[in-house]
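The values are calculated or read from the model by the stated rules, or taken from the named source; none is laboratory data. These figures come from a predicted structure and were not determined experimentally. Quick reminder, even Gly has a Cβ in these numbers, built from the backbone with ideal geometry, and neighbours come from all protein chains shown. These accessible areas exclude ligands, DNA and RNA; they are computed on the full protein's heavy atoms, side chains included. Shrake-Rupley method; radii C 1.70, N 1.55, O 1.52, S 1.80 Å.
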Amino acid sequence: ASAFQMAWGPLRRDPIHAAADAELGRGRVNAVVTTYWVIITSGLLLALALFADELVRIAAPEYRKAADLIPLAGVACAMHGLYVLVYRTSEFPSLRRWFIALSVACAVAFVIAGILLITPLGIYGPAVAIMIGWSVGIVTLYLRAQLGPTPTPYQYSRIAATLAVAGALYAASLTLPVEGALATVADGALLLAYPLLLAATDIVPRYHRAVARSVIRAKLMEMRAERRQVHRLRD
């Protein structure tokens with residue numbers, strides 16, 4: 001999520017992005033970017049949730065009981081990205097001042113929530129407190145922008161459908177009566193089903209898929225050409 005947003009800043013000054021803003025309007029372009037941020041981030045969170053048992057073993061066998069914490073911590077981190085995303089896709093006077101003030105409010109809300117929740121929730125308390133803290137900024141900034149003169153036309157139906165697909169696949173992983181290696185294989189199949197379902201339900205439209213294939217093909221050709229140059233230089 002952070003890499004996506006770090007790249008988005010410079011890309012906004014790219015001629016193609018500027019042309020899209022001029023033709024479609026910055027609000028519509030921001031809405032599409034938001035949708036794909038949700039699609040990508042939901043896929044990453046689904047992968048974390050499905051393979052939490054395997055990922056936790058990277059640390060040590062003693063951490064196996066903390067597997068349930070991995071997706072929760074992932075959501076907490078993603079909410080920081082969502083906060084920055086809402087800020088970048090909002091347009092209203094004094095936006096920067098609101099962002100700074102709300103960042104302080106998020107920190108205060110996190111501290112208060114942590115004090116209240118860490119004792120009853122234990123190890124899950126900090127992650128939940130982080131989610132509550134960022135929610136203060138997300139909700140306030142969203143409402144301020146959407147009630148302003150230039151609300152962003154977010155693609156709510158596609159976003160909701162994406163979350164529904166990811167949630168259904170995670171729920172399916174919890175109900176499958178398999179364990180061990182079979183469970184890992186099943187989780188891999190569920191993760192593979194995520195992009196397939198996005199395409200089948202047209203959450204990612206056909207013309208967007210064609211563009212994605214073109215970009216991937218061009219990148220692969222570029223990587224192949226770079227490898228050939230490296231081999232020639234070595235020879």
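What percentage of the solvent-accessible surface of the chain, computed with a 1.4 Å probe over protein heavy atoms, is contributed by carbon and sulfur atoms? If you can, show how the numbers build up before the last one.
Working: 10010 of 14470 Å².
Its accessible area is 69 percent carbon and sulfur atoms.
Only Cα pairs within less than 10 Å get springs; with that Gaussian network setup on the chain, which residue of Arg28, Arg13, Arg88 has the largest fluctuation?
Its mean-square fluctuation being the largest, the pick is Arg13.
Have a look at Ile203, Ile112, Ile216 and tell me which one the Gaussian network model of the chain (Cα, springs below 10 Å) gives the largest fluctuation.
Most flexible of the set in this elastic network: Ile216.
To the nearest 500 deg cm²/dmol, what mean residue ellipticity at 222 nm is calculated for the chain from DSSP H runs of n ≥ 4 alone, each contributing -39,500 (n - 2.57), summed and divided by the residues? Mind dumping the intermediate values first?
Details: 10 runs with 188 residues, N = 235.
About -27500 deg cm²/dmol.
What ³J(HN,Hα) values, in whole Hz, does the Karplus curve 6.51 cos²θ - 1.76 cosθ + 1.60 give for the range 190-195 when θ = phi - 60°, with x put for Gly and Pro?
Computed from phi, the couplings for the range 190-195 are 5, 5, 5, 5, 4, x Hz.
For Arg13 and Thr184, compute 0.36 nm times the residue count separating them, minus their Cα-Cα distance, and round to one decimal in nm. Could you put the intermediate results ahead of the total?
Working: separation 171, 0.36 × 171 = 61.56 nm, distance 4.28 nm.
Here the segment from Arg13 to Thr184 would lengthen by 57.3 nm.
Please name whichever of Val75, Trp98, Leu50 sits farthest to the positive end of the charge dipole of the chain, dipole taken about the Cα centre and charges placed at Cβ: Lys and Arg +1, Asp and Glu -1.
Looking along the dipole axis, the top candidate is Trp98.
Would you mind calculating the gained length between Arg28 and Ala59 on full extension (0.36 nm times residue separation, minus the Cα-Cα distance), in nm to one decimal?
Values: separation 31, 0.36 × 31 = 11.16 nm, distance 4.31 nm.
Full-extension gain reported as 6.8 nm.
Using all C-alpha to C-alpha distances in the chain, build P(r) with 5 Å bins and read off the rounded percent in each one.
1, 6, 10, 13, 16, 15, 13, 11, 8, 4, 2, 1, 0
Suppose all protein chains stay in the model; what accessible area per residue would a 1.4 Å probe give for the range 66-150, in Å²? Walk me through the numbers on the way to the answer.
On the way: 4370 Å² over 85 residues.
I get 51 Å² per residue for the range 66-150.
Can you tell me the dipole magnitude for the range 89-235 around its Cα centre, using point charges on the Cβ only (Lys, Arg +1; Asp, Glu -1), in Debye to the nearest 20? Display every interim value, and only then the final one.
On the way: 14 positive and 7 negative charges, 158 e Å.
The calculation lands at about 760 debye.
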